[in-house]
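Coordinate-derived values only; no laboratory data. What you see is a predicted model, and the numbers here were worked out from it, not measured in a lab. Here Cβ is always computed from backbone atoms with ideal geometry, including for glycine, and neighbour counts include all displayed protein chains.
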Amino acid sequence: MLLPVVSCSQMIVPEPAGADKILCLNARLYTADTLHTVSACYGCRTGVEPAPGTVVVCFVNGVRVDEAVADSLGDAQLRARIEPGDTVCVTADAPLAPSVSAKTVAPLSPVIGQAGIGLIEGYQQVRLQVADNSPEEDYFVVKLYEDNVVYNQDGGEVVLQERSPSLVRGEKGHVFSDHAFAGAAQTMNIVVDGTTRYQYMYRWYGSYDYGHEVPEKQRFALETSIRLRLCSLCAGDYWTSFLLSGDSWDGFENPLDQIGGAMVYPCNVDGGAGLVAVRSCAEVVLPYAEVIMDGSGCILSDRYLF
């Protein structure tokens, strides 16, 4: 007797192992600031989404300093004073994922040799000298900010004080190391936007702003300063910043030359993903420009301060 044999097959797709969601933390904490942002999100099998309601706690040298709850975007605002050499621990408890923690040590502050503004090759540039202050390889990022003070020049009253976003892409790029310094200081030139001093040209100061008549003879002065912030980074922050931006400082060694093999994004979040790092800052303020206006907004004079 012959019996027919029927063969059938079925495709089986195995379920991925592990939790459906993990908690990711990302933060850059600056020693020059007291208000810091820690971003929390869920890493899911289908993508990434914010983690609102996450309770974030910050410890400095083992002492609990602040606690905050993440908003709808997953951002938690923490107040903490951090000094170079401090050990910082951040813990997070989210509604939909296991708790995580991250620990990091603030690096030593960088050493600025010389800094100034000048006309170099036809461009207004900040010249910054960076010292090689340790035998180990150190990592840096440089940023420029524009600080403005507007005051009544006749009465001496300060009517506006602002700090603007960075003028160069220091947050996303322009990271560098002292790998090629060979124990000597290195100098970099950073181009400054020459139109900065005119950003308030069409913003009148007088009766339109203060609710009372201001005689035209009163003069309002806008003084602009360039604030240079040089930050030391840990190795993980350095590589993450470079890999996210794909940018390096012209004239300095390309970080890709230091990679011996495949480079993965660093992570120091225990139980989750992401990077929490401290940036130790050195700052210098350089007077840049002054514009003097009367009460109707007419420019009486303008000059550079360098």
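Brief remarks on what is shown
- With a Förster radius of 35 Å applied to the C-beta separation of Leu243 and Glu67, the computed FRET efficiency comes to 0.65.
- Peptide packing for 141-149, 178-186, 81-89 was compared via the average number of neighbouring C-beta atoms within 10 Å per residue; ordered from the highest value, the list is 141-149, 81-89, 178-186.
- Distance (nanometres) between label positions extended 7 Å along Cα→Cβ at Tyr123 and Val284: 1.9 nm
- Segment Val149-Ser99, length gained on full extension (0.36 nm per residue, minus Cα span): 13.6 nm
- Charged neighbours of Ala76, selected by a Cβ distance under 13 Å, balance to -4 (K, R count +1; D, E count -1).
- Per residue, the convex hull volume that the Cα atoms of segment 21-105 enclose (Å³): 79 Å³
- By the count of other C-beta atoms within 10 Å, a proxy for reagent exposure, Leu78, Leu243 are ordered fewest to most as Leu243, Leu78.
- Within-10-Å neighbourhood charge of Val130 [Cβ basis; K, R +1; D, E -1]: -3
- Note on segment 76-128: with charges restricted to the Cβ of Lys and Arg (+1) and Asp and Glu (-1), its dipole about the Cα centre is near 60 debye.
- For Val105, the shell of other residues with beta-carbons less than 13 Å away shows a net charge of -1, using +1 for Lys and Arg and -1 for Asp and Glu.
- Cα-centred dipole magnitude for segment 45-189, charges only on beta-carbon of K, R (+1) and D, E (-1), debye, nearest 20: 280 debye
- J(HN,Hα) series, segment 50-58, from Karplus relation 6.51 cos²θ - 1.76 cosθ + 1.60, nearest Hz, glycine and proline x: x, 10, x, x, 5, 8, 10, 10, 10
- Projected label distance in nm at Val111 and Tyr304, using a 7 Å step from Cα toward the beta-carbon: 3.1 nm
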